[in-house]
1. If residue 234 passes every condition in (1) free of Cβ contacts under 8 Å to residues at least 40 places away in the same chain; (2) touching a helix residue (DSSP H, G or I) at 6+ places or on another chain (Cβ under 9 Å) but one, which one does it miss?
2. Taking residue 181 as meeting all but one of (1) in a loop (DSSP other than H, G, I, E, B); (2) modelled with pLDDT of 95 or more, write down the number of the exception.
3. Pairs only if they're at least six apart or on different chains, beta carbon under 7 angstrom, first in segment 41-57 and in the same structural domain as residue 28 (by TED's automatic domain parsing) and part of a strand (DSSP E or B), second surrounded by fewer than 17 Cβ atoms within 10 Å (Cβ to Cβ) and at pLDDT 80 or above; list them, first residue then second.
4. On the basis of being at pLDDT 95 or above and under 19 Å from residue 119 (Cβ atoms), does residue 151 make the cut?
5. Name the pairs whose Cβ atoms lie under 7 Å apart, with the first residue in segment 312-328 and within 15 Å of residue 231 (Cβ to Cβ) and outside the structural domain of residue 237 (by TED's automatic domain parsing), the second modelled with pLDDT under 90 and in a loop (DSSP other than H, G, I, E, B), and 6 or more positions between them or separate chains?
6. Can you find, within segment 282-314, the residue that is modelled with the highest pLDDT among those that are assigned to a loop (DSSP other than H, G, I, E, B) and either buried (at least 17 other Cβ atoms within 10 Å of the Cβ) or under 24 Å from the mean Cα position of the chain (by Cα) (or both)?
7. Go through segment 213-240 and report how many residues are more than 15 Å from the chain's Cα centre (by Cα) and either surrounded by fewer than 19 Cβ atoms within 10 Å (Cβ to Cβ) or more than 28 Å from residue 162 (Cα to Cα) (or both).
């Protein structure tokens with residue numbers, strides 16, 4: 001009898017231990033950073049934040065990114081991607097060879113957060129052009145890069161590719177760089193398959209981009225990989241980056257964020273004219289450039305992005321709940337799950 005009780009107790013302990021492990025490994029969701037207290041809350045299911053009303057993202061999508069910057073770094077090389085990553089909710093910090101101030105293009109003074117001696121680990125390491133040899137030819141920098149064992153992604157803009165190549169990260173990979181440096185990358189690093197006339201190259205967990213402004217495209221692509229295409233579209237809209245072309249790069253990885261896009265027929269039911277606040281109207285149309293719904297307003301298009309089912313989100317990540325009648329026909333939308341209905345006209 002005692003033995004039976006002992007075995008049953010052991011079973012219960014094992015069961016609850018497994019249950020706790022299962023719960024701890026479930027996907028968790030957080031509010032995109034909005035500066036409010038809800039930034040610290042963790043949710044067990046997707047949906048909408050009850051405090052700020054923003055659509056929740058996976059906690060695993062929130063990343064830390066180390067920007068390695070050297071003296072003479074090109075401003076737009078890092079400033080463009082920094083804008084992308086900051087708006088997408090990532091924590092970016094600056095690392096350099098030392099913590100002494102450096103200058104970008106001899107103009108912008110930058111005080112690094114860390115040196116290679118004391119920098120914390122990051123999910124993503126990023127490298128940029130503009131005097132990149134100061135990094136690629138510095139043994140301490142290369143040693144620091146090679147010792148980072150928990151990095152999930154490596155990212156470079158312009159001649160930042162030379163830094164990754166020197167560290168061996170591009171060995172056996174396909175890469176690109178600034179147009180004037182393509183031959184140099186190919187000559188000096190013969191284990192790298194160098195490609196010309198591409199905006200970026202995605203090897204999976206290693207992404208290189210062409211020069212300067214191409215870093216914005218590569219950063220948006222990485223956001224699309226990590227958080228989904230909607231997050232990248234929302235970021236591009238916020239930045240007024242109208243030149244972005246979805247997937248305009250060489251994508252060699254299986255996780256292509258553009259492969260499962262809904263076609264125009266999916267959005268047909270949602271298109272039309274709807275009531276809006278203060279007795280005004282809004283017109284929802286399909287935007288063929290970005291492949292989503294949009295509000296036609298003031299001669300421009302404001303994105304309305306599909307999340308799941310009949311839940312969409314606007315450019316500010318606020319939810320839009322479309323409603324159907326008993327026959328499945330769209331009859332309007334609400335701006336909160338049980339809010340007042342704005343009718344489809």
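1. (1)
2. (1)
3. Final answer for the pair search is 42/28; 43/28.
4. yes
5. Correct list of pairs: 317/32; 317/54; 318/53; 318/54; 319/53.
6. 310
7. 2
The values are calculated or read from the model by the stated rules, or taken from the named source; none is laboratory data. Every value quoted in this text rests on a predicted model; they were computed, and no experiment measured them. In this analysis, Cβ positions are derived from the backbone assuming ideal geometry, glycine residues included, and neighbour counts consider all displayed protein chains.
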